[in-house]
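Please treat every number below as a calculation from the coordinates, not as lab data. The structure displayed is predicted, hence computed values, not measured ones. Note that each Cβ is placed from the backbone with ideal geometry, even for glycine, and that neighbours are counted across all protein chains shown.
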Amino acid sequence: QVQLAESGGGLVRPGGSLRLSCAASGRILSSDAMAWYRQAPGKERDWVASITSDGTTNSADSVKGRFTISRDSTKNTVYLEMNSLKPEDTAVYYCYGVFDYRAYWGQGTQVTVSS
């Protein structure tokens, strides 16, 4: 069994920055894509950004140019660097990863952008 643990959420003012981390633990033989999703109150969970095992990245248009996803494969950890944050970025951010051909979700970390 693999566990994903997110950290780095919090309260930030508009225009500010945060860095989220997600570390996978457990017995891991192989890792594939990792990603970030977010869910705002009353809305569906949306994809934010993803990164493949070879480092290819992609992100949603709403965060392109502001958010950067990266990973440290030696630590089975994925990061989300978030800059120029807006109130509409407020959501619970979830980590997603594929390990040993199975998909896993983290518990989520709250990001609130407010003045």
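Observations, loosely collected:
- Within the shell defined by Cβ-Cβ distances under 11 Å, the residues around Tyr93 carry a net charge of -1, with Lys and Arg each +1 and Asp and Glu each -1.
- Interatomic Cα distance distribution for segment 33-97, bins of 10 angstrom, percent: 22, 55, 22, 2
- A simple count of charges around Glu81, restricted to other residues whose Cβ falls under 11 Å of its Cβ and scoring Lys, Arg +1 and Asp, Glu -1, yields +2.
- The distance between label points at Thr74 and Tyr101 comes to 2.9 nm (points 7 Å beyond Cα on the Cα→Cβ vector).
- Packing-based ranking, highest mean first, of 107-114, 91-98 given that Cβ atoms within 10 Å are counted: 91-98, 107-114
- D_trans [Stokes-Einstein, Kirkwood Rh over alpha-carbon pairs] for the chain, 10 °C, 1.306 mPa s, µm² s⁻¹: 113 µm²/s
- Highest mean packing first, where packing is the average number of other Cβ atoms within 10 Å per residue, the peptides 69-82, 5-18 line up as 69-82, 5-18.
- Using the average count of surrounding beta-carbon atoms within 10 Å as a protection proxy, the listed peptides 45-57, 29-41 rank, highest first, as 29-41, 45-57.
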